[in-house]
1. Using a 7 Å offset from the Cα along the Cα-to-Cβ direction at both SER41 and GLU225, what is the distance between the two label points in nm, to one decimal?
2. Which value, in Å², gives the accessible area per residue of segment 18-98 when a 1.4 Å probe is used on the protein heavy atoms?
3. Over 23 Å between C-alpha atoms is what I'm after, so list which of LYS70/LYS114; LYS76/LYS153; LYS99/LYS125; LYS70/LYS153; LYS64/LYS207; LYS114/LYS215 land there.
4. Between GLU31 and ASP200, what is the spin-label point distance in nm, taking each point 7 Å from the Cα along the Cα→C-beta axis?
5. Based on alpha-carbon centroids, what's the gap between segment 192-230 and segment 71-86 in Å, whole number please?
6. Could you tell me whether segment 65-118 comes out rounded, prolate or oblate from its Cα gyration tensor? Rule is a ≥ b ≥ c as square roots of the eigenvalues, rounded for a/c under 1.5, then prolate if a/b exceeds b/c, otherwise oblate.
7. What is the dipole size for segment 33-158, taken about its Cα centre, with +1 at each Lys and Arg Cβ and -1 at each Asp and Glu Cβ, in debye to the nearest 20?
8. With label points built 7 Å along Cα→Cβ from the Cα atoms of GLN22 and LYS48, find their separation and express it in nm.
Amino acid sequence: MKKFIISIVLVLGISITGFAQQVAGHIEKFEGKVILYPSGSVRGIAAKNNLEFKVKDSIRAFQKSTAFIKFIDQSKIVLNENSILYIKDIQNLNLKNGKVVFEIQKQDDKQGIKIATKTAIIGVKGTKFLINVNKDEVDVILKEGEITVSAIKGEFKRYLQKEEEDFNKFAQDTKQDYEDYKKKVQEEFVEFVKEFTMKDEMAISIKGKEVRDIKDTKEFDDEFELLNKF
């Protein structure tokens, strides 16, 4: 009986250790100061080319630094300066801060990959996009593909693009007070949603619970070009 219990403990120990040390990918290359923080450790490891990282590890790119990361499924991620990425597991990532570009390979799994930020969870099944987390504001710029954006708590107050265009047109045509008109018809251009879908070339900014479209995304073009440096 004693030998049986010891055997079970050993098997469980090996299984748990194997899971904790599951390889998630590697830092293919980097520029500047990039640190890998192994699971449960506050002492980091200075990045080097092809440095392996595992589930439960964190990767941080410091000021004026960039990390080029490739996951085991060949998905590519670029961490720009002042970015911190936590690898919860193979299908769940946490972006704590910074500007990060993703090129996620198509997922056969129905759940796909989920990326958590402070206020939203981004669901991905294969696409190219960028997330920028700056204090309480989260920008999501979708280059191609389709993603879902879900509120962590409560619902989003989603402002539709039509709102600003129609308000401006009305103000110009009627010369009436913009704010008075806005209060009168606001409900027609705002929706409260727990989740919504983004498609090719869409871009949004989330501040608190409010979600607004971003019209001009040219400033992010150079960020997407980084994916060609792998």
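1. It is 3.7 nm.
2. 49
3. The answer is LYS76/LYS153; LYS70/LYS153; LYS64/LYS207; LYS114/LYS215.
4. 3.0
5. Rounded to whole Å, the Cα centres lie 17 Å apart.
6. oblate
7. The calculation lands at about 320 debye.
8. It works out to 2.7 nm between the two label points.
The values are calculated or read from the model by the stated rules, or taken from the named source; none is laboratory data. No experiment lies behind these values; they were computed from the predicted model shown. So basically every Cβ, Gly included, is an ideal-geometry build from the backbone, and we count neighbours across all protein chains shown. These accessible areas exclude ligands, DNA and RNA; they are computed on the full protein's heavy atoms, side chains included. Shrake-Rupley method; radii C 1.70, N 1.55, O 1.52, S 1.80 Å.
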